[in-house]
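Working notes, beginning with the structure itself.
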Amino acid sequence: MWKTLPVEENFLGIEDEFSQFENSRVVIVPVPYERTVSYGGGTLKGPSAILDASHFVEFYDEETGREVHRQFGIATIEQLNVNAGSPENALELIYSTTKKLISANKFMVMLGGEHTISQASIAAYAERYRDLSVLHIDAHSDLRDEYQGTKFSHASVMARVCEYLDPPRLVQVGIRAQSIEEAEFIKERGITTLYAHEIRAGKYSKLLKYWYDFPIEKLTDHVYVTFDVDGFDPSIMPSTGTPEPNGLLWDETMRLLAKIGERKHVVGCDVVELAPIERFHHPDLTAAKLVSKMINYFVR
Ligand SMILES: [Mn+2]
């Protein structure tokens, strides 16, 4: 079916025994899609930077107390060929790949690439799980109907998702840059959006002990997590096209993800929009560690 990458190139640098496709529950799918850059470019190199950096992430996770690759297996397939042909063709390839991985009972972790790619993977999951909800971590709400003349912009990805997913099933966290049309769309369509300034002002921790309990309550049982790395604060994640101040910090984000893994069935996820900066490697390691943590929290 798919060619898997060897130990020198795969996620975490996992020996054959625990990284073959057949025996692996988790499948890493590199998708270096880059077409509609609006500010800084470079997401084309995101997947390979995450894979390279992952060789410096430990197998053992001190928080969950396990080596998850030994328990479930983690295979990394060759990158999808998404930069030739039309955007529609690329999205179709992502959609059909996701469908096949769902049928094979795999837990897919897609590595971008531009955020545009998530509309195709989420579509496949929404067909499989009728109650699917989406946790969307991002600085941007990505709800513009179109951007710079295309409906396939990274800035429009959640508008596309809302064409097939009931908007109240969308829960956004960390938002701090959007247009007035997007703000109105959120109100009119019943999307749950946790703005960064409201999180910081304590809006949610007045109601609950921890702000991150609020988005969890809004999600259904089956959840897809789409993580734009610009959701993080630029102090920990400068390597992205449009870094915005006042972002999420590491530990609070891990607490949110861990609780979602505990309370929900996360069925698949992606990490997108890493645009590596040469000779500046801590953000690549941060993204690789994020992927490792998501697998640890979500796969049971
Ligand atoms: Mn973004």
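The values are calculated or read from the model by the stated rules, or taken from the named source; none is laboratory data. Keep in mind that what you see is a predicted model, and the values were worked out from it rather than measured. Reconstructed Cβ throughout: ideal geometry from the backbone, glycine too, with neighbour counts over all protein chains shown.
Consider region 256-274 and keep the residues that are touching a Gly at 6+ places or on another chain (Cβ under 7 Å) and of a type in the set (D, E, K, R). The one that is nearest to the ligand (Cβ to nearest atom) is 273.
Here's the yes/no breakdown for (1) more than 21 Å from residue 90 (Cβ to Cβ); (2) at pLDDT 95 or above:
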{"site": "5", "(1), (2)": "no, yes"}
{"site": "11", "(1), (2)": "yes, yes"}
{"site": "16", "(1), (2)": "yes, yes"}
{"site": "22", "(1), (2)": "yes, yes"}
{"site": "25", "(1), (2)": "yes, yes"}
{"site": "39", "(1), (2)": "yes, no"}
{"site": "42", "(1), (2)": "no, no"}
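Restricting attention to region 135-148, the residues being more than 12 Å from the ligand (Cβ to nearest atom) and crowded, with 24+ Cβ neighbours inside 10 Å number 1. Residues that are crowded, with 20+ Cβ neighbours inside 10 Å, of a type in the set (Gly, Ala, Ser) and more than 10 Å from the ligand (Cβ to nearest atom) within region 226-246 comprise just one, 239. Just so you know, in region 1-20 the residues that are charged (D, E, K, R) and assigned to a loop (DSSP other than H, G, I, E, B) include one that is nearest to residue 47 (Cα to Cα), and it is 9. All of (1) assigned to a helix (DSSP H, G or I); (2) in contact (Cβ under 8 Å) with a residue 40 or more places away in the chain hold for residue 127 with one exception: (2). Can you name the residue in region 155-211 that is among the basic types (Lys, Arg) and more than 16 Å from the ligand (Cβ to nearest atom) and, of all such residues, is surrounded by the most Cβ atoms within 10 Å (Cβ to Cβ)? So, considering only residues that are among the basic types (Lys, Arg) and more than 16 Å from the ligand (Cβ to nearest atom), the one surrounded by the most Cβ atoms within 10 Å (Cβ to Cβ) is 169. Residues that are surrounded by 21 or more Cβ atoms within 10 Å (Cβ to Cβ) and without any contact (Cβ under 8 Å) to a residue 60 or more places away in the chain within region 267-285 comprise just one, 283.
The set of residues in region 143-158 that are touching a residue at least 40 places away in the same chain (Cβ under 8 Å) and either touching a Cys at 6+ places or on another chain (Cβ under 8 Å) or in a loop (DSSP other than H, G, I, E, B) (or both) comprises 143, 148, 152, 153. Beta carbons closer than 8 Å, at least 6 apart along the sequence or on distinct chains, pair a first residue in region 178-196 that is closer than 14 Å to residue 144 by Cα with a second that is of a type in the set (Lys, Arg) for 179/144; 181/144; 182/144.
Residues considered: 118, 96. Of these, the only one that is of a type in the set (S, T, N, Q), within 14 Å of the chain's Cα centre (by Cα) and either surrounded by 21 or more Cβ atoms within 10 Å (Cβ to Cβ) or not in a strand (DSSP E or B) (or both) is 118.
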